[in-house]
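Structure record follows, encoded as structure tokens.
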Amino acid sequence: MSIGQAATFSGVSAKMIRYYEQLGLIPQATRSEAGYRQYSPADAHSLRFIRRARDLGFSVGQITGLLALWGDRDRASADVKAMALAHVTGLKAKIAELQAMAQTLEHLANHCHGNDRPDCPILADLAEPAAAAQQRSTAQQRTPRFGSGSTRPPRPAIEPPR
């Protein structure tokens, strides 16, 4: 089948098929007399496998391992399960990081007046050194940043460039 047919069958773009071929995830395509790439049904199924693995967030390196396990009929399913569970652990850690980022931004946005005043806690936070912002982010989960009763944010420690 042509690269276009393989792309339609697998849901992987022709550009990505060439990339996966370059990486060695699929074998080099044979060429027609006119020089066009030709893919076997097995290649197209491998592309579907790769597409599904990418949709689940596996890295190219992890997919290489999964393809090797898929092709090894003597493999233990415990190996596949271990890879999947390790990936789940990584996904959960990433979710926790994203939730913390969303909480920080939500907290800052809630303390921004959003009017014509120039002071903005969001910009002040972005201008802080990363370590100070991280410490404050951890502390803000326990107590409000701007003290009790005051909704006015502190002036930025670093003046913006003019």
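Need the failing condition index for Gln103 against (1) exposed (fewer than 15 other Cβ atoms within 10 Å of the Cβ); (2) in contact (Cβ under 8 Å) with a residue 40 or more places away in the chain, just the number.
Result: Gln103 passes all but (2).
Read through the list (1) touching a residue at least 24 places away in the same chain (Cβ under 8 Å); (2) closer than 22 Å to Thr8 by Cα, then give the number of the only condition that Thr64 fails.
Among (1) touching a residue at least 24 places away in the same chain (Cβ under 8 Å); (2) closer than 22 Å to Thr8 by Cα, Thr64 violates only (2).
Is it the case that segment 89-107 has a residue that's more than 30 Å from Asp55 (Cα to Cα) and at pLDDT 90 or above?
yes
Within segment 42-53, is there a residue that is over 30 Å from Thr89 (Cβ atoms) and part of a loop (DSSP other than H, G, I, E, B)?
Within segment 42-53, not a single residue is over 30 Å from Thr89 (Cβ atoms) and part of a loop (DSSP other than H, G, I, E, B).
Matching residues to (1) more than 30 Å from Thr89 (Cα to Cα); (2) part of a helix (DSSP H, G or I); (3) at pLDDT below 95:
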residue: Ala7; (1), (2), (3): yes, yes, no
residue: Lys15; (1), (2), (3): yes, yes, no
residue: Phe58; (1), (2), (3): no, no, no
residue: Gly61; (1), (2), (3): no, yes, yes
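The values are calculated or read from the model by the stated rules, or taken from the named source; none is laboratory data. What you see is a predicted model; the values in this text were computed from it and never measured. All Cβ positions, even for glycine, are placed from backbone atoms using ideal geometry, and neighbour counts span all protein chains on display.
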